[in-house]
1. Just need a number here: residues in region 6-45 that are part of a helix (DSSP H, G or I) and either surrounded by fewer than 16 Cβ atoms within 10 Å (Cβ to Cβ) or touching a residue at least 24 places away in the same chain (Cβ under 8 Å) (or both).
2. With at pLDDT below 95 and of a type outside the set (S, T, Y) as the only criterion, which of E56, E32 stands out?
3. How many residues, within region 46-69, are part of a loop (DSSP other than H, G, I, E, B) and of a type in the set (A, V, I, L, M)?
4. Among what's in region 83-114 and is outside any loop (DSSP other than H, G, I, E, B) and either over 20 Å from H39 (Cα atoms) or in contact (Cβ under 8 Å) with a residue 60 or more places away in the chain (or both), pick the residue that is least open to solvent (accessible area, probe 1.4 Å).
5. Of all residues in region 55-74, how many are surrounded by 10 or more Cβ atoms within 10 Å (Cβ to Cβ) and not acidic (D, E)?
6. Look through D77, D51 and report the one residue that is surrounded by fewer than 10 Cβ atoms within 10 Å (Cβ to Cβ) and modelled with pLDDT of 95 or more.
Amino acid sequence: MSLDYAKIKEAAQNYEKDMTGFLRDIVKFPGESCDEKAHIDRIAQEMRKLDFDKVEIDPMGNVLGYMGTGKTLIGFDAHIDTVGIGNKNNWNFDPYEGYENDTEIGGRGVSDQCGGIV
């Protein structure tokens with residue numbers, strides 16, 4: 001099977017605005033361990049918006065989303081908690097407001113692992 005990577009990249013770029021908006025939304029909420037409810041709720045909201053067949057939050061606070069049927073399961077696992085920000089004055093920008101330019105998005109958790117879940 002041959003994949004057309006240019007078409008895949010083009011399709012992904014069509015979602016760039018939605019994806020960066022989703023990530024920026026997640027960053028706005030503190031999400032330290034055992035306090036990720038706002039992250040969980042926002043991720044579940046996005047899954048519902050994208051018409052996942054089933055979206056649930058289990059008793060441990062994990063967001064589980066299901067699409068499609070079949071004998072093969074493809075799973076994506078990411079943690080969504082962050083460490084604390086420490087002294088906010090040591091930041092060059094507001095870690096919960098973040099920033100976005102042509103090449104990057106900065107904010108609490110964008111590279112580990114909130115960006116990955118997006």
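1. 26
2. Residue meeting the stated conditions: E32.
3. Residues that pass the stated criteria total 3.
4. Among them, the one singled out is C114.
5. Taking region 55-74 as the starting set, the residues that turn out to be surrounded by 10 or more Cβ atoms within 10 Å (Cβ to Cβ) are 55-57, 61-67.
In the following step, the residues that additionally are not acidic (D, E) were identified as 55, 57, 61-67.
Count: 9.
6. Step by step, each of D77, D51 is checked, and only D51 is surrounded by fewer than 10 Cβ atoms within 10 Å (Cβ to Cβ) and modelled with pLDDT of 95 or more.
The values are calculated or read from the model by the stated rules, or taken from the named source; none is laboratory data. Values in this document were obtained by computation on a predicted structure and should not be read as measured data. So basically every Cβ, Gly included, is an ideal-geometry build from the backbone, and we count neighbours across all protein chains shown. Ligands, DNA and RNA are stripped out before the accessible areas are found, and what is left, the full protein with its side chains, is counted by its heavy atoms. Shrake-Rupley method; radii C 1.70, N 1.55, O 1.52, S 1.80 Å.
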